[in-house]
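What follows is a single structure, written as structure tokens, with notes after it.
The values are calculated or read from the model by the stated rules, or taken from the named source; none is laboratory data. No experiment lies behind these values; they were computed from the predicted model shown. Cβ atoms come from the backbone with ideal geometry, glycine included; neighbour counts cover every protein chain shown. All accessible areas refer to the heavy atoms of the entire protein, side chains included, with ligands and DNA or RNA removed. Shrake-Rupley method; radii C 1.70, N 1.55, O 1.52, S 1.80 Å.
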Amino acid sequence: MTNKIKINDNLWFTVLGNKLIFGHSKKSQNHHHTISYGNKSGFFDLHLKNERTGKYFTVITFSHQNFLEILPWLKGQIFNSIFDLECLNKTLLIQDNFELFEIHDLGDLTQEFGILTKKNRIQINQASDEFKTFIDLLLKKHQLTKVDFENISKKNQFHGIAKSENDNFLLIKNPFLGNELYRLNDLDLNIESVLRKILGDEVYEQVLRRLNEGITELEK
């Protein structure tokens, strides 16, 4: 398949029309996974296809209507499964003389976040040397805008850092979370861990069983 986007040495994906297709280069060379958006049928579905035989195996389906009904809950569930957040208030920031800085482009911080990434998880330990180096690099390499709490309160979305003489931490504000400002304590990038938290252990295990059943069936 051409135009495959490589995630790592064993995982790729591509987008074709109304489908998201992904696969394992080494473990499943004969078949791939497809998430169909169901533009005509009105159903999303996850299925497997054997490239050699053309056989399909449906893993799970659900209707567009059901998806729209759970979408508000799903957005919050996805966010909470990835981010570990702690609500902040103005008093804490003022009494410890924190300086607040806004990060305008998170996509430009790949190198800096790499310092904190271990085993597919961005580990934010404020007392660690890695986190101190991370903050120093942000302030040194990027033109961060200094802001005050009132200015942040007027924004619907905000990413930044709080810095004091003795402490530093990351700040985040997002419409999905209401109008509160949060301290970011952890960021989970492990897809298995995130999916398990979103779906719950029982549903996640059921999907895995169906995937394994499909692989066995298609390899016959």
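On full extension of the chain, what length is gained from D188 through I70, given 0.36 nm per residue of separation minus the C-alpha to C-alpha distance?
Difference between extended and current length: 40.2 nm.
Can you work out the Karplus-derived ³J(HN,Hα) for every residue in segment 60-70? Use 6.51 cos²θ - 1.76 cosθ + 1.60 with θ = phi - 60°, whole Hz, and x for glycine or proline.
The phi angles translate into 7, 9, 7, 7, 4, 4, 5, 5, 5, 5, 9 Hz.
Going by the alpha-carbon gyration tensor, a ≥ b ≥ c the square roots of its eigenvalues, is segment 130-197 rounded (a/c under 1.5) or, if a/c is not under 1.5, prolate (a/b greater than b/c) versus oblate?
oblate
Over segment 73-220, how many percent of alpha carbon pairs lie in each 10 Å bin up to the one with the longest distance?
10, 34, 31, 14, 8, 3, 0
Where nothing but the Cβ of Lys and Arg (+1) and of Asp and Glu (-1) is charged, how large is the charge dipole of segment 129-220 around its Cα centre, in debye to the nearest 20?
Value, rounded to 20: 520 debye.
Under a 5 Å amide H to amide H cut-off, with H placed in plane at 1.01 Å, what residues pair with I124 once short-range neighbours are removed?
L187
Over segment 80-220, what percent of the accessible surface lies on carbon and sulfur atoms, probe 1.4 Å?
47 percent
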